[in-house]
Structure formats: structure tokens, C-alpha cells
Amino acid sequence: MNHKVYKTLEFDKILELLARNASSEAGAALCLKLEPLTDLEEIRTAQQQTTDAVSRLRKKAGPSLGGLPDIRPSLKRLAIGSILNTVDLLEIASILDAAGSACRFLKPENEETPFDSLSSYYEALDPCPKLSAEIKRCILSVDEIADDASPTLHDIRRHMTNARADIQRTLNRLVTSQSMKTYLQDSVVTMRNGRYCIPVRQEHRSHVPGMIHDQSGSGSTVFIEPAAVVSLNNRLNELDLAEKAEIQVILASLSASASEASDSLGIDYQLLVELDFIFAKARYSEKIKGNAPEFNDNGYLDLKQARHPLLDPKSAVPISVPLGKDYDMLIVTGPNTGGKTISLKTTGLLCLMGQAGLHIPALDGSSLCLFNEIYADIGDEQSIEQSLSTFSSHMKNIVRILEKADRDSLVLLDELCSGTDPTEGAALAQAILTRLHYFGSKVMATTHYPELKIFALSTEGVQNACCEFDVETLRPTYRLLIGLPGKSNAFAISEKLGLDVSLIDDARKRMDSGNIAFEDLLANIESDKKSAEIERAEAAHMKSEADAALKNLQKQLDSMEAKKQAILQKANEEAYEILKEAKDYADAAVKDIRKAGKGADLSRAENTRSGLGRKSKDALGKLGTKSQKKAGFKPIAADDLKVGDAVHVISMNMDGIVTALPDSRNHVSVQLGSMNLQVNLKDLEEAHEDSMESLEKTSHKGSFAKGAFEKRGSRQGSGISNIKFEKSMGVSTEIKLLGMTVDEALLELGKYIDDASMAHLEKVRIVHGKGTGALRSAVQQYLRREKRVKKFYQAEYGEGDAGVTIAELK
């Protein structure tokens, strides 16, 4: 892509701002070298990296990547076997520290953390913790090696300390002795050329045996190394040389370790610089409140509420620019300083930023397409040196653009063909735009020529746009209006500024009647469009309020439904327990009666039956249900009630048969299946016809339970009226009758068939054993009479054979 457009559209200033967000010089250098990409997949990858970096930075502070030193020269020296100094090794440790910080930042929080475009950096980085720890253990600073860097160095420095102490003691004795005080200039010990000396007066130097190493500037003092410490100083120098040699050994060892990890070090440096660059893009995105544009391969762009990134976001007026779908060319008109040029620059600059992998200051959902080239002829490029006028300079640019533009180009033309005769300029501008339109280029052009407005209206694929101007305040609003050509507003502005109305009228008369009519048409269109926008905004506001109200209502309905389901679930559970307890009481009563036989004392059975009634009434009382009498409620008068009448118990939503007339408290005995309950007359109503037929059929055969427990689909009462009794969880698909008498077995089988039928089991196994065959015969006789049994048959060989009967239920 041509670099000239970077400066024209101020892309270079964006890169400078981007570089300020980098933590290292290497990262900043990479920011300044950034260029727009021309491969769609590479662009999408770069955009995704920026997006993922923004997402990570919003969760926690970024890694510490400040001051990444360039270790590549050190790695080259390691490759040829050189020994690195402390500065080089500390720089390597700094890189490894940064790699460790990046790894901690990029490390997934848990196994369920989704993989993103930065996860690969975590896997590729190698912080070499052992090498980093060893360098920092041995090298305390640029000028200091740790005593424990090696055992040898530790011993050498211990001996050096002892030697210095011996020298200090010897010299201290000399300078404090009475005989030496007259010879010394001062009672101190000093260093000269790495040797411990004492300051002696010039005239007494012969009285102090030793080596002279230096003298003062005045010559009055000489610095003598006393003979008593010469051997000690020599020993100290030997230890100093040994220390330097050992330090070189330590540096050589560290360099060898670094050389072994040189590949990882090179990769770490490169990845860290890239990460610094990526996080710089993320930080810049946050500063400009940017979003990732969607890139399409259909050749259109759709900027939504886009802002120029170099303008103050608080005062910048956003613009929306669709281009490439319904039209490939946009002709922007309007008054000067109205925002036409900034609209061109915003569009071009955001395209460059998007293709460079940067977020753009526009609403989420904005779309861009790939441009191989972006050409811009914007601003006054008059050249005095080349003796080119403004028109000539612009025309030279346009010639270059026409030579290279194609369907993958974006062309931005500001004040096309201005600076010359208006008639010729307008004609030339139409010809240039027609040629670019033929090429298929995406074009945005600004102009004051009314002929170009007509050209846009009459040419397919070309659209008008204008920068809005408020005549009342004489100020532009900077809003870009698509589909509407702009007006110059010269007469209106002049009148507002106080120009004589007669002059303005005279000027109007001098205008061509066609131009006047066209300008008036533009004014009417603009007025209508403003009214439509106001109405559209009001409609959108009303729709938003309606959507909010609907959402709130739906939330309330969901809450009510949840409460309803909770109540029903609780009622189901309570009802199931009630029926289970009632059925167990009934079964126990029947069993006691059968065991008692003829002529036996039935008082216990009667007590059980009475207890059953009390239990049922107590359970119903605990439910606390109240009947809801609907419009179709049919009360029963006590005088009209007869034994054998079919009635409906409202509170239980069940049908039954009257077995005894009301007593003094208006309690009626009602047979509900195997239960005989006392029900208040107010809780009864006439049974429906379909229920009466069912009761008649079941009562003639002595089997009440099925009809009485059948749920009435057409009735909706309160309490347990809507309860569906589920027993499938507690009913087995097999019953064992082994060891029972025929009477006991048939009693248990009857109960089991009741339960299995209520649980909607389709097939059950009845294990009766082979024995004499009497129990099998009785069971099969019972099944033959049972209406709820569809068919039965002997089990297959291996499944129980003659000892098991399989029954299929209706």
C-alpha cells in the first residue's frame, strides 16, 4: 500500500499514539513499523489478538514487560563461545523474568478456561526458571558477584578479609606509636595504586622504611608502604587476582548455561516483543473506546457511529458511512467547515486501522472490507518549487490514481476539480467519477458543484450525501446525512448576518430558474427527512418502552408459573401421601374382614373402617383446600338426595355413590372407591352424565376404584382437583405370591393390579410357583375376569416357565 496515504490520512500519528502504549522500546518500535495487511485471514487474526488482549486486560492487570533489553547481540556472542559479562547476563535474567510474568498472566485459570488467540504464547514461552534463579543468585548487581556464587570465591573473599584485617592492624600500630607521630603528616591509612600506605612528611621519609607509591601535589607528603606490610599487601594482590579469575569461571559457567538455552531465549524475546505490541493495541483500543470491526469479503463497508480517533471523543460528532452495497460512490456536498473533509479522513483512516489489526472508534457491528490500495487526494498540496498551482497539484495526484485504481481500491477525493473554471471543473469531475465508477472502485468525493448532485441522482450506483448545517445558529452540526444532497445556504447565511434583503432578492433573480427550483426541492426534502427522523425516533422510543413492558410482563408470568408449579408439586406430594395412607387402611380393613370369616366378631374391622374415615377427614383438613364453585355448579338439596345417587365431591374432584342420607349435621356417607367417607352436603354436586355412566358400570361389578379415582378432565376445582397421581416410582413390575394361600394371594394380587394400573405399567410378572398348580390356576382365573388385564400368558423357558404368569395391562 502506498505510504503517502499514511501521512495524508494521519495514520502516522495513530502509530505514534500506539507506540506510547508499549512497555518496551522494542515493542514501541514494532508499533511504529505497523502497516495495514492485505490478507483477510491475517487481518482477522490480528483483530482477534487485539480483542482477546482487551478481554484479558479487563479482568486483571497486564504482564510486566517494561524495559525488555535486546539480547540478540548477546545470543550471537554465545553462539561463537564468548563469555558474557554481568550486564549481558542480567539482561537475560530480565527477559526470563518478563517471560515468567507473561506466563502467569496468560495461564488458564482452570481447565474450563476457553482457548483464545493468546493461549499459544503461553505454551511457547519458556521462562527457564533454573537459569534465571542461578543468574540472580550469582550476580547481585552489575558490579557485584555474590560471595556464595561458588565455594572457591567464598574462600578467596574470606582470606581477603583476613588479609585486610592484618594489614589494618599493622598499620594502625604504626600510625598510633609515639615514635612515628613526628614523621607522619596525618595519623591515617590510605590506598595508593591498590596498596595500603601511610602519609609521611617529605623531610622524614628516610626514617620510615618501605616503598614510596605516590606524593601529594605540593610535594610535602609522600605515601609510603611500610616494609612491615609489603608481604601482606602482596598476599592481598594475589587474592585479588584469584578473585577475578574465579569470577571469570563463574561467568563462563553461567554463559554456558545460557548458551544451552539460547534457542528458548531467542524465542522468548521475540514472543515478548510481540505480546508487548499486542497489549499496546489493546490499551490504545481502551483509550479510544474502540471495537473490533467485522471484515467481509463482499466488498462493502458499513461504519456505524464512527469517530475520528484524533478528535476529542466528548465533542466529536459520530458519522455512519455505508458504502459498497447499494452504491459504490458517495458524493458529499455542503457548506465549508461543515465536516465533509473529516468524513473522508475518518472513513479512510478507520479502514487503514482496521486492516492493521487495530480496533476502530465505532459501534460494535461495524463492517469493513479488504482494500489493496487506498488513495486520497485531500488538502492543498500546492508546490512552489515545481511551479504547480493548486489545481495542477491535485490533477497530478488524480492522474496517478486513475492509472492504478481498481475494484479493490478505496478512493477519497476532496473538492474534486476545484480551483478552476466552475463549468469546466464540474464537467471534468463528472468524467473522472464516471471512469472510477467504471473501474468499480469505492469512492467518496466532496464537492460544491451542483452538477455533481444531479450526476448522483441520475447515475445508478451513485448516492448523494451532505453535512448538515443549522441555518438558525449558523453552525454546522457535522452530521453526515446519506441520500440527501447538501445546500450552500449562502442566501440564508447572508440574511442572518444582516445583508440587505433587497440585495439577496436581486441575487435570487439573477439565478437560473432551474437552479432555484432545485435548491427549493432540496430544502423541502431536507425538511421532510428531519420530520421523518423525529417520527422514527419517537417510534423507536415507543417500541423500546413496549419491549421493556413486555419483558417485565413476561418476567412476572414466568415468576407466577414457577410459583404455580411449586404449589402443584407440593399438592401432588401431599395428595399422594393421603391416598397411599387411605389405601393402606382400606387394604388392612379388607384383609381383616376376609380373615374373620362368617360369624366372626367384626368389631375390629368396624373400628378400622371408622379409623379410615377419621384419617381421610383429618388429611383433607390438613390440606386446607377450599372448593371453587364455578358457573356450572349444581348444588344438591337434602330432600332430593337418595341412597345410590351418583354425586361429585368438589374438594377431592372425585365421583362416588351415596350410601347413607344426611345426618343432623348434614354429613352424607359417600362411597369413593374402597373408601366410605363422611362428606358435608355443601361439598357435593350432581355428577356429570359421563361420570354417572362410569359409576353405574363399575358399581354393578363391585369395582368402584377405577371410576371413582378417574380424573374429571372437564372440571377445574381447587385443592387437589388438578392433581395427577403418580405412583410409577414405587410400583415394581413383579409381584411374588410364593407361600401364600389362594385367598391371601388373590388379595395381594388385587392390590397389586390396582397399583400397577394407577402407575400405567404395561406388563407385569406374577410369580406364583409351580407346586400343585392350584395357585397358578386361581391367579389365571382372576386375571381372566379382571377387566384391566388385556391378556396373560405363561412365561418363556428361562424366565420362570410355568411358575410365572406375564400379564399385559390396558
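The values are calculated or read from the model by the stated rules, or taken from the named source; none is laboratory data. Since we're looking at a predicted model, the values are computed, not measured. Every residue, glycine as well, gets a Cβ built from its backbone with ideal geometry; the counts of neighbours run over all protein chains shown. Ligands, DNA and RNA are stripped out before the accessible areas are found, and what is left, the full protein with its side chains, is counted by its heavy atoms. Shrake-Rupley method; radii C 1.70, N 1.55, O 1.52, S 1.80 Å.
Could you list which residues have their amide H under 5 Å from that of GLY299, counting only those 5 or more apart in sequence or on another chain, with H placed in the peptide plane?
LEU370
Would you kindly derive the ³J(HN,Hα) couplings of the range 658-665 from the backbone phi angles with the Karplus curve 6.51 cos²θ - 1.76 cosθ + 1.60 (θ = phi - 60°), listing them in order in whole Hz, with x for Gly and Pro?
6, 10, 8, 6, x, 8, 5, 9
Take the alpha-carbon positions of the range 1-142, form their convex hull, and give its projected area averaged over all directions (one quarter of the hull surface) in nm².
On the way: hull surface 47.0 nm².
For the Cα atoms of the range 1-142, the hull's average projected area reads 11.7 nm².
Quick one: plug the Kirkwood hydrodynamic radius of the range 224-280 (C-alpha pairs) into Stokes-Einstein at 25 °C, 0.890 mPa s, and report D in µm²/s. Intermediate results must be reported in sequence, preceding the final value.
Working: Rh = 15.3 Å.
For the chosen part, D equals 160 µm²/s.
Hey, which of these cross-link pairs are over 28 Å Cα-Cα: LYS33/LYS345; LYS642/LYS751; LYS13/LYS496; LYS7/LYS442; LYS770/LYS790; LYS564/LYS642? All intermediate terms of the calculation are to be shown ahead of the outcome.
On the way: LYS33/LYS345 21 Å; LYS642/LYS751 31 Å; LYS13/LYS496 39 Å; LYS7/LYS442 20 Å; LYS770/LYS790 23 Å; LYS564/LYS642 39 Å.
The answer is LYS642/LYS751; LYS13/LYS496; LYS564/LYS642.
Can you give the percent of C-alpha pairs in the range 199-308 whose distance is more than 25 Å? Please list the in-between numbers first.
Working: 4046 of 5995 pairs.
Taking all Cα-Cα pairs of the range 199-308, the fraction more than 25 Å apart is 67 percent.
Ordering LEU232, LEU106 by accessible area with a probe of 1.4 Å, largest first, what comes out? Kindly include the intermediate steps, with their values, before the conclusion.
Numbers: LEU232 45, LEU106 5 Å².
Of LEU232, LEU106, the descending order of accessible area is LEU232, LEU106.
For the range 47-61 and the range 406-453, write down the distance between their C-alpha centroids in whole Å.
Comparing the Cα centres of the range 47-61 and the range 406-453, I get a distance of 42 Å.
Equivalent-ellipsoid semi-axes (√(5λ), Cα gyration tensor) for the range 337-378, whole Å, largest first?
Working: eigenvalues 70, 42, 12 Å².
Over the Cα atoms of the range 337-378, the ellipsoid semi-axes are 19, 14, 8 Å.
Restricting things to alpha carbons, tell me how big the range 727-810 is in terms of Rg and Dmax, in Å.
Cα-based Rg and Dmax for the range 727-810 come out at 11.8, 35 Å.
Enumerate the calculated ³J(HN,Hα) couplings along the range 755-768 in order (Karplus 6.51 cos²θ - 1.76 cosθ + 1.60, θ = phi - 60°), each rounded to whole Hz, writing x wherever the residue is Gly or Pro.
5, 5, 5, 5, 7, 6, 6, 8, 8, 10, 10, 10, 9, 10
Using alpha carbons only, how many angstrom separate the centre of the range 188-202 from the centre of the range 1-25?
62 Å
How much solvent-accessible surface does VAL249 expose, in Å² to the nearest 10, with a 1.4 Å probe and all protein chains in place?
The accessible area comes out at roughly 80 Å².
Projected area of the range 52-207, taken from the Cα convex hull and averaged over every viewing direction, in nm²? Provide the component values of the computation, followed by the final result.
Values: hull surface 65.7 nm².
The number I arrive at for the range 52-207 is 16.4 nm².
At 0.36 nm per residue, and after removing the present C-alpha to C-alpha distance, how many nm does the segment from ALA227 to ALA588 gain when stretched out fully?
117.5 nm
Determine ³J(HN,Hα), in whole Hz, for all residues of the range 280-293 in sequence, where each value follows from phi through the Karplus function 6.51 cos²θ - 1.76 cosθ + 1.60 and θ = phi - 60°; x replaces Gly and Pro.
Working through the residues one at a time gives 5, 4, 5, 5, 5, 4, 5, 5, 9, 6, x, 9, 6, x Hz.
Counting pairs of alpha carbon atoms under 8 Å apart in space and at least six apart in sequence, what relative contact order in percent does the range 213-347 give?
The value is 13 percent.
For MET160, MET560, write out the residues from largest to smallest accessible area, computed with a 1.4 angstrom probe and no ligands counted.
Numbers: MET160 5, MET560 125 Å².
Of MET160, MET560, the descending order of accessible area is MET560, MET160.
Taking amide H positions as placed 1.01 Å from N in the peptide plane, with prolines and chain starts having none, which residues 5 or more places from ASP214, or on another chain, fall under 5 Å of its amide H?
Residues meeting the criterion, in which the H sits 1.01 Å from N, are PHE223.
What accessible surface, in Å², does a 1.4 Å probe find on LYS555, ignoring ligands, DNA and RNA and rounding to the nearest 10?
150 Å²
Give the separation of the Cα centroids, the range 104-148 to the range 242-279, in Å.
That distance is 13 Å.
Once the Cβ-Cβ distance between HIS204 and LYS76 is put in as r, and R0 is 41 Å, what FRET efficiency do you end up with, to the nearest 0.05? Walk me through the numbers on the way to the answer.
Working: r = 59 Å, r/R0 = 1.45.
With a Förster radius of 41 Å, E is 0.10.
Between ASP421 and GLN554, with labels modelled 7 Å along Cα→Cβ, what's the label distance in nm to one decimal, could you check?
6.7 nm
Sorted from largest down, what three extents in whole angstroms do the Cα atoms of the range 347-470 have along their principal axes?
44, 39, 35
So what are the range 1-63's ellipsoid semi-axes, whole angstrom, largest first, if each one is the square root of 5 times an eigenvalue of the alpha-carbon gyration tensor? Present the calculation step by step, with values, prior to reporting the outcome.
Working: eigenvalues 107, 56, 19 Å².
Three semi-axes, in Å: 23, 17, 10.
Amide H to amide H, which residues 5 or more places from GLU294 or on other chains are under 5 Å from it, using H placed in the peptide plane?
Those qualifying (amide H under 5 Å, at least 5 residues apart or on another chain) are GLY365, SER366, SER367, LEU368.
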